[in-house]
Amino acid sequence: MEAYKQEFIEFMVDSHVLKFGEFTLKSGRKSPFFMNAGAYVTGSQLKKLGEYYAKAIHDKYGDDFDVLFGPAYKGIPLSVVTAIAFSELYGKEIRYCSDRKEEKDHGADKGSFLGSKLQDGDRVVMIEDVTTSGKSMEETVPKVRGAANVEIIGLMVSLDRMEVGKGGVKCALEEVHDLYGFETNAIVTMEEVIEHLYNKEYKGEIIINDDLKKAIDAYYAQYGAK
């Protein structure tokens, strides 16, 4: 596993973004782990987060693209900090764009989008925190493709939960790929998280012990993507 992935897993734990225990998800599933990207709140956390996204995007898609699109609301800061990191790490100016939940009908920047206008020929990377059901893509992909003649080359999320999406067979990232035809990737998968943390001491404690591993295995036996 690449060093930046291992660092990112520890960063999620340190930032209290990735937690283990008992959680009820929006879907009603009871999960032994939970990820909340809203817990990245400080300047240094956001700077690092942008760097991890930039490294993963550069790793998977290179730098031959023009726009980072982050769906509102959580995707807005993600697209901004990643565009900054891309400029600093790779010397490439990438524009950011996000959608508005409600269209603005006044002022010089009225319309459905924030940031850069989408232009014909733009190559776009979508950026999100985590995709569990693919619902946000249902709302934003048609908006992006309807705004200009753009090519969406891929989606990057921070964590692939590796559980079944709405179809009940494939994971949500695979469903998005099959539905829209662009690549889908994550900075890390839950499998990589388990591999890095299971029965290994980190800062004086074992984060995934045998009991928690059993609970995770049971969860995936029920909800894991085939």
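The values are calculated or read from the model by the stated rules, or taken from the named source; none is laboratory data. The structure displayed is predicted, hence computed values, not measured ones. Every residue, glycine as well, gets a Cβ built from its backbone with ideal geometry; the counts of neighbours run over all protein chains shown. In case anyone asks, the SASA skips ligands and DNA or RNA and just uses the protein heavy atoms, side chains included. Shrake-Rupley method; radii C 1.70, N 1.55, O 1.52, S 1.80 Å.
Exactly one residue out of LYS60, LYS48, LYS55, LYS26 is modelled with pLDDT under 95 and among the basic types (Lys, Arg), and it is LYS26.
Residues considered: LYS203, LYS166, LYS213, LYS170. Of these, the only one that is more than 20 Å from the chain's Cα centre (by Cα) and on the phi < 0 side of the Ramachandran plot is LYS213.
Filter segment 99-144 down to residues that are among the polar types (S, T, N, Q) and modelled with pLDDT of 95 or more, then give me how many there are. Number of matching residues: 1.
Specify the residue that is most open to solvent (accessible area, probe 1.4 Å); the eligible residues are those in segment 61-85 that are among the charged types (D, E, K, R) and more than 13 Å from the chain's Cα centre (by Cα). Ranking the qualifying residues of segment 61-85, first place goes to ASP64. Taking first residues from segment 166-188 that are over 23 Å from MET12 (Cα atoms) and of a type in the set (A, V, I, L, M, F, W, C) and partners that are part of a loop (DSSP other than H, G, I, E, B) and open to solvent by 20 Å² or more (accessible area, probe 1.4 Å), the Cβ contacts under 7 Å between residues at least 6 apart in sequence or on separate chains come to VAL169/LYS226.
Residues in segment 1-51 that are in a loop (DSSP other than H, G, I, E, B), open to solvent by 20 Å² or more (accessible area, probe 1.4 Å) and within 29 Å of LEU89 (Cα to Cα): 6 in all.
Contact map, segment 52-70: residues that are more than 16 Å from VAL80 (Cβ to Cβ) and assigned to a helix (DSSP H, G or I) paired with residues that are open to solvent by less than 60 Å² (accessible area, probe 1.4 Å) and small (Gly, Ala, Ser), Cβ distance under 9 Å, separation 6+ or inter-chain. Pairs shown: LYS55/ALA85; ALA56/SER158; ALA56/ALA186; LYS60/GLY154; TYR61/GLY154.
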